[in-house]
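Okay, so here's the structure we're looking at.
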Amino acid sequence: MTETRPLALITGASSGIGRELARQFARNGYDLVVNAEDERLEPAARDLRETGAEVRVVRADLRTSEGRYRLLDALGELTVDVAVLNAGVGHGGAFVDTDLADDQAVIDLNVTATVRLAKTLLRAMVARGTGRLAFTSSVAATTPGSFQPVYNASKSFVQSFAQALAEEVKDTDVTVTSFMPGATETDFFRRAGMADDTRMGAMKKDDPAQVAGQAYEAIVKGEQKVVTGSLMTKAQELAGKVVPDGVKAAAHRRMAEPGTGPDDGHGPTK
């Protein structure tokens, strides 16, 4: 990496919000370390290098201890000026029907990897006296996630965790930012098994470039919390502050329960 440009780490950078975040940092003078577990990471890195950024690729599955250590080992003695812990996964369906392994994978990536990486990265930033740490939270953090219970709970953890860390370091030059997108046009719903037969999967979604642009601005300004995306998403988050949890859980069910997607001509939806 170059000595004249700051360095940003972006996890989950092969597509979606992560890829757009990496593009934001590259275009604004940062070199990059990018991470994901899938084969799209290399094409993403080639695209990012066209901005003039130096880009180091670390292909590793952060759901596993091996993958987390691989990323940390690759960082080595590098000075990470900004770290965005964006990698995350969801899984839809009734809790009694989903496989425990799928539920555990959500926890392993969204919670365990987040804590493990944040511990090392934030310690280094505090010791150095400067740095920016950011987390991709979600407006889902504010809602009991019927038919998506482990994912929403994991984002509630991330949101609480991020805001607690922000308070701990508020008297330093280190900042912690959590940004909260809503439903965004990424691979998330396909990977979660929710793309075809849920209202949430079929609904119009926010542009990941818009989400990433707003997140980038919040991170570099050191803001603690920002809702990113469309006005509809921001209104949803505001409403979530006053609507009772039971009402939110019922509304989430109507969006996330399998069989609630648009009627395809083969019968009514729920």
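Need one number: nm distance between label points at ASP97 and SER160, each 7 Å from Cα along Cα→Cβ, rounded to one decimal.
Here the modelled spin labels are 2.9 nm apart.
For region 106-120, take each phi angle, set θ = phi - 60°, evaluate the Karplus expression 6.51 cos²θ - 1.76 cosθ + 1.60, and give the result in whole Hz per residue in order, putting x for glycine and proline.
4, 5, 4, 8, 6, 10, 4, 5, 4, 5, 4, 6, 4, 4, 5
How much area per residue is accessible in region 4-114 when the probe is 1.4 Å and only protein heavy atoms are counted (Å²)?
That works out to 43 Å² for each residue.
In this model, which of LYS155/LYS248; LYS119/LYS234; LYS119/LYS170; LYS204/LYS234 are farther than 19 Å apart at the alpha-carbon?
Going by Cα-Cα distance, LYS119/LYS234 fall outside the 19 Å limit.
Averaged per residue, what accessible surface does region 210-263 expose to a 1.4 Å probe, in Å²?
53
How much net charge surrounds SER14 when only the other residues with a Cβ under 11 Å from the Cβ of SER14 are counted, with Lys and Arg +1 and Asp and Glu -1?
Combined, the nearby Lys, Arg, Asp and Glu give -3.
Keeping every protein chain in place, order GLU217, GLU39, GLU77, GLU257 by accessible area at 1.4 Å, biggest value first, i.e. largest first.
Output order, biggest surface exposure first: GLU77, GLU39, GLU217, GLU257.
Applying a 10 Å radius around every beta-carbon, put 6-14, 157-165 in order of their mean neighbour count, most first.
By packing density, highest mean first, the sequence is 6-14, 157-165.
Just check region 143-270 against the gyration tensor rule for me: Cα atoms, a ≥ b ≥ c as the square roots of the eigenvalues, rounded for a/c under 1.5, and otherwise prolate or oblate depending on whether a/b exceeds b/c.
prolate
Modelling each spin label as a point 7 Å along the Cα-to-Cβ direction, I'd like the GLN104/VAL243 distance in nm, to one decimal.
Distance between label points: 3.4 nm.
Using the Karplus curve 6.51 cos²θ - 1.76 cosθ + 1.60 with θ = phi - 60°, what ³J(HN,Hα) values do you get for each residue of region 28-35, in whole Hz, with x for Gly and Pro?
Those phi angles translate into 10, x, 9, 7, 9, 10, 10, 9 Hz.
Determine, for each peptide in 85-91, 243-249, 48-54, the mean count of other beta carbons within 10 angstrom over its residues, then list the peptides with the highest first.
My ranking of the peptides, most packed first, is 85-91, 48-54, 243-249.
Write out the trypsin sites (Lys or Arg not before Pro) in region 99-207 meeting two conditions: DSSP loop, and at most 14 other Cβ atoms within 10 Å of their Cβ.
Passing sites in region 99-207 are LYS170, LYS204.
List every residue whose amide H lies under 5 Å from the amide H of VAL33, counting only residues 5 or more places away in sequence or on a different chain, with H placed 1.01 Å from N in the peptide plane.
Under 5 Å from the amide H of VAL33 lie the amide H atoms of ALA8, LEU9, ILE10, ARG56, each far enough along the sequence or on another chain.
Note down the nm distance, to one decimal, between modelled labels 7 Å out along Cα→Cβ at MET203 and at GLU167.
So the label points at MET203 and GLU167 sit 3.0 nm apart.
When the accessible area of the chain is split by element with a 1.4 Å probe, what percent falls to carbon and sulfur?
With neighbouring chains kept in place, the figure for the chain is 51 percent.
Could you state the number of Å between the C-alpha centres of region 114-142 and region 235-254?
28
Shape call for region 1-144 from the C-alpha gyration tensor, a ≥ b ≥ c root eigenvalues: rounded (a/c under 1.5), prolate (a/b greater than b/c) or oblate?
Note, shape of region 1-144 comes out prolate.
What 222 nm value per residue comes from the helices of the chain, counting each DSSP H run with n ≥ 4 as -39,500 (n - 2.57) and dividing by all residues, nearest 500 deg cm²/dmol?
The helix-only estimate for the chain comes to -13500 deg cm²/dmol at 222 nm.
Applying the Karplus parametrisation 6.51 cos²θ - 1.76 cosθ + 1.60 with θ = phi - 60° to the phi angles of region 88-98, what ³J(HN,Hα) value in whole Hz is obtained for each residue in order, glycine and proline being reported as x?
x, 8, x, 8, x, x, 5, 4, 6, 9, 6
In nm, what is the difference between 0.36 nm times the number of residues separating LEU231 and ARG128 and their Cα-Cα distance?
Going from the current span to full extension adds 33.3 nm.
Counting Lys +1, Arg +1, Asp -1, Glu -1, what net charge surrounds VAL220 among other residues with beta carbon under 11 Å of its beta carbon?
Net local charge, VAL220 excluded: -1.
Using 0.36 nm per residue of separation minus the Cα-Cα distance, give me the extension gain between GLU54 and LEU78 in nm, one decimal.
The GLU54-LEU78 span can extend by a further 7.3 nm.
The values are calculated or read from the model by the stated rules, or taken from the named source; none is laboratory data. Predicted model, so just to flag it, every value in this text is computed and none were measured. Cβ atoms come from the backbone with ideal geometry, glycine included; neighbour counts cover every protein chain shown. For the accessible areas, the whole protein counts, side chains as well, though only heavy atoms, and no ligand, DNA or RNA atoms are used. Shrake-Rupley method; radii C 1.70, N 1.55, O 1.52, S 1.80 Å.
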